[in-house]
1. Can you name the helices (runs of 4 or more DSSP H) wholly within region 1-96 that have at least 3 residues being among the acidic types (Asp, Glu)?
2. For region 70-84, check the following and say yes or no: at least one residue is touching a Pro at 6+ places or on another chain (Cβ under 7 Å), in contact (Cβ under 8 Å) with a residue 24 or more places away in the chain and of a type outside the set (Ser, Thr, Tyr).
3. Any residue at all in region 61-80 that is closer than 21 Å to Ala161 by Cα and hydroxyl-bearing (Ser, Thr, Tyr)?
4. Let me confirm something: among Ala67, Ala82, Ala74, which residue is outside the structural domain of Ser157 (by TED's automatic domain parsing), touching a Leu at 6+ places or on another chain (Cβ under 7 Å) and small (Gly, Ala, Ser)?
5. So which residues in region 217-226 are of a type outside the set (Phe, Trp, Tyr) and surrounded by fewer than 17 Cβ atoms within 10 Å (Cβ to Cβ), if there are any at all?
6. Run down Ser41, Ser48 and say which single residue is surrounded by 15 or more Cβ atoms within 10 Å (Cβ to Cβ), of a type in the set (Gly, Ala, Ser) and farther than 23 Å from Thr194 by Cβ.
7. Taking region 173-216 as the region of interest, how many residues are within 15 Å of the chain's Cα centre (by Cα) and in contact (Cβ under 8 Å) with a residue 24 or more places away in the chain?
Amino acid sequence: MSENTEWYGKKKYQAIVFDLDGTLLNTLEDLRDSVNYGLKSMGMPERSLEEIRRFVGNGVQRLVSLAVPQGTGAEDQEKVFAAFKEHYRVHCNDKTNLYPGIRDLLKELKKREFPMAIVSNKLQEGVDALAEQYFNTYVKVAIGAREGIRKKPAPDSVLEALRLLGVPREQAVFVGDSEVDIATARNAGMDCITVGWGFRTREEQEKAGADCFVNEPGEVLELVYE
């Protein structure tokens, strides 16, 4: 996306809410490594990258509950989760990086004065750390999993982000990669743009009801103008 990209016309939306993992950042390898650290700490078998891909989307506690062997008791699950959190707090950014084209997209959206937010089911401390490193010059609001607000696919965190941005949901669009994101946008009464480079296949996305797709970040820009 060049600095001389032409204006597309009238804005279709006044704000953009992004999912984080699988949409802006490829976090899968760090999540796998931290899950496996937790599993190994309890003598449990490790999980592959493909398994972790299938498990992510509903928050890290759910990720761990899917990763432990079937029949694992609540106490042992909690021990794995505690070890995961300890490891991920330190190693959440070892292999994580922006997807190609994301920084250019965010720069262009900021230049065109689109308010932006991040809404994730990742723990708030992880969202804060990654948002500070990668997005602090672009994104005004970053909401993760925390007490007092329901996680996606409930609409609460998205609606809170829009409240902080001062934009009604009818004038905003959600950008994500997973069935959780598609359901979140639906539950919030928002349009949804589904990205093709994240943690889900096109087949999985279509099965979840996605009907508006982009294959490269630059294509998002075209869809936020009429």
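1. Output list reads 28-41, 74-91.
2. no
3. no
4. Ala67
5. Gly218, Glu219, Glu222, Glu226
6. Ser41
7. 20
Table: residues versus (1) touching a Phe, Trp or Tyr at 6+ places or on another chain (Cβ under 7 Å); (2) closer than 13 Å to Val17 by Cβ.
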position: Ala145; (1), (2): no, no
position: Arg169; (1), (2): no, yes
position: Ser178; (1), (2): yes, no
position: Phe199; (1), (2): no, no
position: Val220; (1), (2): no, yes
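The values are calculated or read from the model by the stated rules, or taken from the named source; none is laboratory data. These numbers were taken from a predicted model, which means no experiment stands behind them. Counting neighbours? That spans all protein chains shown, and the Cβs are built from the backbone with ideal geometry, glycine included.
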